[in-house]
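To start, the structure itself, in structure tokens.
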Amino acid sequence: MPLSIVIPTYGREEVLCDTIAQLLEQSPAADEIVVVDQTSVHESRTTDCLGSWSAAGVIRWVRLTRASQPLACNTGLREASQPFVLFLDDDIRIGSGFLNAHLQAFVSDGIHGVVGQVLQPGQDEDRGCPPPPSDGPLADLQFPFNSARPGCIRNGMSGNLCVRRAQALAIGGFDENYLPPVSYRFDSDFCKRLCRSGGTIVFEPAARIHHLRSPRGGTRSLSSHLTSASPVHGQGDYYFALRQGLCWATLAYIMRRPWREVRTRFHLRHPWFVPVKLLGEMRALLLALRLWRQGPRLLPTKHTNGHE
């Protein structure tokens with residue numbers, strides 16, 4: 001298949017090798033698998049596994065010294081050699097025909113991205129009525145990615161997202177202002193820009209992954225956002241809203257977020273964490289405003305590496 005699979009990974013061990021092994025069993029197979037590894041030191045079994053695959057040319061093992069999901073996705077996008085690039089989480093289960101389902105959804109040149117179904121642990125496929133179509137800068141933010149109904153959307157999850165490489169590079173790839181280790185909404189931002197560039201994104205439930213949510217590792221791993229005053233938990237959400245343009249919808253979204261974050265059962269039972277959380281939200285908004293004024297950190301749109 002004219003497909004590059006990109007797997008950003010951080011702190012994963014056996015589950016990463018299991019994910020890659022499943023992809024190698026797909027028929028027809030992808031042209032290449034690019035593992036963008038942000039782990040400083042692996043367990044010896046994982047190192048041996050990745051090293052042997054890399055030496056055999058089965059995967060391309062790219063090492064990064066800094067952990068960042070947008071940076072890892074951009075690295076994979078640059079390194080990819082094929083016209084279609086599939087971004088996947090590093091802790092998933094898939095069925096036969098998974099890769100084919102993604103590529104078969106590109107039925108016209110106007111489709112620039114395909115988002116596959118994501119089933120979280122304990123979650124079943126939702127066969128109910130599709131959500132009503134939404135409009136405006138925040139359209140489809142609440143889209144249920146466990147839906148069984150295909151359609152066009154303006155949002156996506158980087159854990160199961162296939163794009164046309166040329167169009168992804170043309171919009172500058174992923175914005176690295178979504179700071180690690182959370183980088184919340186960076187994939188939604190990417191999908192919004194892809195749609196604004198004139199492309200269509202479709203949701204294809206047949207391209208299904210079961211996300212394992214492995215308790216160990218992951219680029220989003222951090223202490224609980226419920227008890228933290230760190231700005232990294234909310235920065236991406238505020239920055240995303242600002243990047244969609246200042247209007248009543250985005251301003252209302254920004255103003256509602258702090259109260260939404262403390263209206264939880266946890267904070268009802270532990271009210272002493274409410275001021276801590278609100279402090280983190282204030283810091284997150286200030287950080288987002290500073291990054292918004294500076295402008296996005298995107299790939300150069302004239303970037304070439306010999307593969308275009």
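What follows draws every value from the coordinates through simple rules; no lab data is involved. The structure presented is a predicted model; accordingly, all values stated were derived computationally and were not measured. Every residue, glycine as well, gets a Cβ built from its backbone with ideal geometry; the counts of neighbours run over all protein chains shown.
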| Förster radius 35 Å - calculated FRET efficiency between His270 and Asn146 (Cβ-Cβ, nearest 0.05) | 0.70
| Karplus couplings for segment 229-240 from phi (6.51 cos²θ - 1.76 cosθ + 1.60, θ = phi - 60°), rounded to Hz, Gly and Pro as x? | 9, 5, x, 5, 5, x, 3, x, 5, 5, 4, 4
| remark: For segment 1-150, the percent of all C-alpha pairs falling in each 5 Å bin, from 0 up to the bin holding the max distance, is 2, 8, 16, 20, 20, 15, 11, 6, 2, 1
| query | Listing Asp124, Asp37 from the residue with the fewest other Cβ atoms within 10 Å to the one with the most, what is the order? | reply | Asp124, Asp37
| Computed helical MRE - 222 nm, the chain, DSSP H runs ≥ 4 contributing -39500 (n - 2.57), nearest 500 | -11000 deg cm²/dmol
| By how many degrees, 0 to 90 and rounded to 10, does the Cα axis of helix 274-294 deviate from the longest principal axis of the chain? | 60 degrees
| request: Work out the FRET efficiency for Asp48 and Thr227 from their Cβ-Cβ distance, taking R0 = 45 Å, and round it to the nearest 0.05. | output: 0.70
| note | Rounded to the nearest 10, the angle in degrees between the Cα long axis of helix 248-262 and the longest principal axis of the Cα atoms of the chain comes to 80 degrees
| query | Mind checking which of Ala170, Ala105, Ala72 has the largest fluctuation in a GNM of the chain, springs on alpha carbons under 10 Å? | reply | Ala170
| Within the chain, percent of DSSP bridges classed antiparallel, to nearest 5 | 40 percent
| request: Within 10 Å of each residue's Cβ, count the other Cβ atoms and sort Phe143, Phe266 from fewest upward. | output: Phe266, Phe143
| remark: Rh (Kirkwood, all Cα-Cα pairs) for segment 82-220, Å, reads 15.4 Å
| said: Suppose the chain between Arg196 and Arg256 were pulled fully straight at 0.36 nm per residue; how much longer would it get relative to their current alpha carbon spacing? | reply: 19.0 nm
| Against the longest principal axis of the chain, how steep is helix 69-79, in degrees 0 to 90 to the nearest 10, with axes from Cα atoms? | 30 degrees
| Using 7 Å Cα-to-Cβ label points, what is the Gln104/Leu278 separation (nm, one decimal)? | 5.4 nm
| said: Only Cα pairs within less than 10 Å get springs; with that Gaussian network setup on the chain, which residue of Pro275, Pro231, Pro137 has the largest fluctuation? | reply: Pro275
| In the Gaussian network model of the chain, springs joining C-alpha atoms below 10 Å, which of Ala207, Ala101, Ala252 carries the largest mean-square fluctuation? | Ala252
